[in-house]
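Written out below as structure tokens is the structure these notes cover.
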Amino acid sequence: MSNTLYAQRRARVAQQIGPQGIALIPTALERPRNRDNDFLFRFDSYFHYLTGFTEPNAFLVITGDGKSTLLCAPKDAEREIWDGYRLGPQAAPAALTVDAALPIGELDAQLPRLLENREVVWFPFAIHEGLEARVGGWLTKVRARVRFGALCPEQQRDLCGILDEMRLVKDAHEQDLMRRAAAISARAHVRAMRTSARMLRAGQEVREYHLDAELLHEFRAGGSQCAAYGSIVAAGANACVLHYRADVAPVRDGELVLIDAGCELDGYASDVTRTFPANGRFTGPQRALYDLVLASQEAAVAVTKPGARFTDPHEASVKVLAQGMLDLGLLDRSKVGGLQDVIDSRAYFQFYMHRTGHWLGMDVHDCGSYVEPGEVGQVSERKDPVSGETIQNRPSRVLRPGMVLTIEPGIYVRPAAGVPPQFHDIGIRIEDDAIVTEGGCELISRGVPVKADEIEALMAG
């Protein structure tokens, strides 16, 4: 991506923090995994959004007059032999279009000087452990100079609000990256589906980790740096555990497999779920529930468009799922009543207990308020019929072109009294990534089939 875009983002931040503001944005810390070995480093999303810089041990300062200063690791020939190339402060201004760059070792000496005579200091609250205390230490040093005429910032404000609003609407470059990430993930799901059917037809033992390996192979083969999150590969009853992780369970002929997996490409996530028959053929009860979940997703997709509320897809899904639960006998009409009764009482919650989507972007559950900013003060209260707690409702976010969200209804049937046994231990979720467009939404993850007939045809090949 052109460094001009990062500079434009920093300029937008400078404009919003005001001429006497200063913004502090660190990247993520390196985390030890075990002795002499760190976890794979992943930069802080806010920091990368404003710099494009992927090295650890770095810090960005933006002042309200539009100046940006990067503090980063200095060149070190010996350490670069072990840890890799460093850009270094001398090359950083030209490479990253920042106004100045300094060695990261000077952070504690430079920050009091940069904070001096500013009115407001902005930084991301409650994200970087110890940052608040560190800011406090720098401000203490500024206060020590007030007898010499220095002014100390009197306000500390959360920078997340500004950056979240900026990141919520994706520009053309971000959308292109997310399309590419979704396409890689779709190919990975196709690969896992085909592998499952092929191995079972050959009489081979199939485990969840076999399919997880196929996902990871396709992610890396497609140019992705890593998985965007720990892949869920859930065979049989494991699919009824929402955050199950790929493990050692066998993938059995006649059962369903739920895979929720997506790659990260250049800092942007994909998030795709498909549920398929391990052997490539749905049974009658499996197909009935699958078609219900797909119909609920189609209803959600139809209302995902500019001007709609973020909650509209969820409400559309719930309506279809609730009616299907009644029609299939998962819910007893004599006990729960009709469709509106099921919705009002949330009786459907027994089989569908999560929301139908979330924001997607640099983070899998991306930043951005789910409340419409201009309507925050419109508060109403309701009592949740399931938990009994009092919930404060505020108007949901209005969808705009460039917003990206997932659409992921599901159904999870655990054995229970009154639940038809043919549906026991079936868990199904279908999830696609959607970019809101001028006329509706673009499903960018449909490189993997979603209709039952198409899945069976794919797995038969």
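The values are calculated or read from the model by the stated rules, or taken from the named source; none is laboratory data. Quick caveat: nothing in here was measured; it's all calculated off a predicted structure. Backbone-built Cβ (ideal geometry, glycine too); neighbour counts: all protein chains shown.
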### Query
Among the residues of the stretch 213-269, which ones are part of a loop (DSSP other than H, G, I, E, B), surrounded by 15 or more Cβ atoms within 10 Å (Cβ to Cβ) and hydrophobic (A, V, I, L, M, F, W, C)?
Ala228, Leu242, Ala246, Ala249, Val251
### Message
So, Ser185, is that one hydroxyl-bearing (Ser, Thr, Tyr), over 17 Å from the mean Cα position of the chain (by Cα) and either under 26 Å from Asp453 (Cβ atoms) or not assigned by TED's automatic domain parsing to the domain that holds Thr406 (or both) or not?
### Response
no
### Message
I need every pair where a residue in the stretch 127-147 that is assigned by TED's automatic domain parsing to the domain that holds Asp366 and modelled with pLDDT under 95 has its Cβ under 9 Å from the Cβ of a residue that is surrounded by 13 or more Cβ atoms within 10 Å (Cβ to Cβ) and not in a helix (DSSP H, G or I), sequence separation at least 6 or different chains.
### Response
none
### Query
Just wondering, is there one or more residues in the stretch 177-195 that are surrounded by fewer than 16 Cβ atoms within 10 Å (Cβ to Cβ) and more than 30 Å from Arg207 (Cβ to Cβ)?
no
### Message
I want to confirm something. Restricting to the stretch 428-443 and keeping residues that are surrounded by fewer than 24 Cβ atoms within 10 Å (Cβ to Cβ), β-branched (Val, Ile, Thr) and touching a strand residue (DSSP E or B) at 6+ places or on another chain (Cβ under 8 Å), which single residue is nearest to Asn238 (Cα to Cα)?
### Response
Ile430
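Yes or no, residue by residue, for (1) under 32 Å from the mean Cα position of the chain (by Cα); (2) of a type outside the set (Ser, Thr, Tyr); (3) assigned to a loop (DSSP other than H, G, I, E, B):
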residue	(1), (2), (3)
Glu78	no, yes, no
Ala109	no, yes, no
Val121	yes, yes, no
Ile127	yes, yes, yes
### Query
In the stretch 32-56, what residues are in contact with a strand residue (DSSP E or B) (Cβ under 8 Å, 6 or more places away or on another chain), crowded, with 17+ Cβ neighbours inside 10 Å and farther than 26 Å from Pro19 by Cα?
Arg42, Glu55
### Message
From the list Ala228, Ala288, Ala261, Ala239, exactly one residue is farther than 23 Å from Leu443 by Cβ and either of a type outside the set (Asp, Glu) or not assigned by TED's automatic domain parsing to the domain that holds Asp176 (or both). Which is it?
### Response
Ala288
## Note on the structure
Scanning the stretch 387-406 for residues that are modelled with pLDDT of 95 or more and either farther than 14 Å from Gly374 by Cα or not basic (Lys, Arg) (or both) gives Ser396, Val398, Leu399, Arg400, Pro401, Gly402, Met403, Val404, Leu405, Thr406
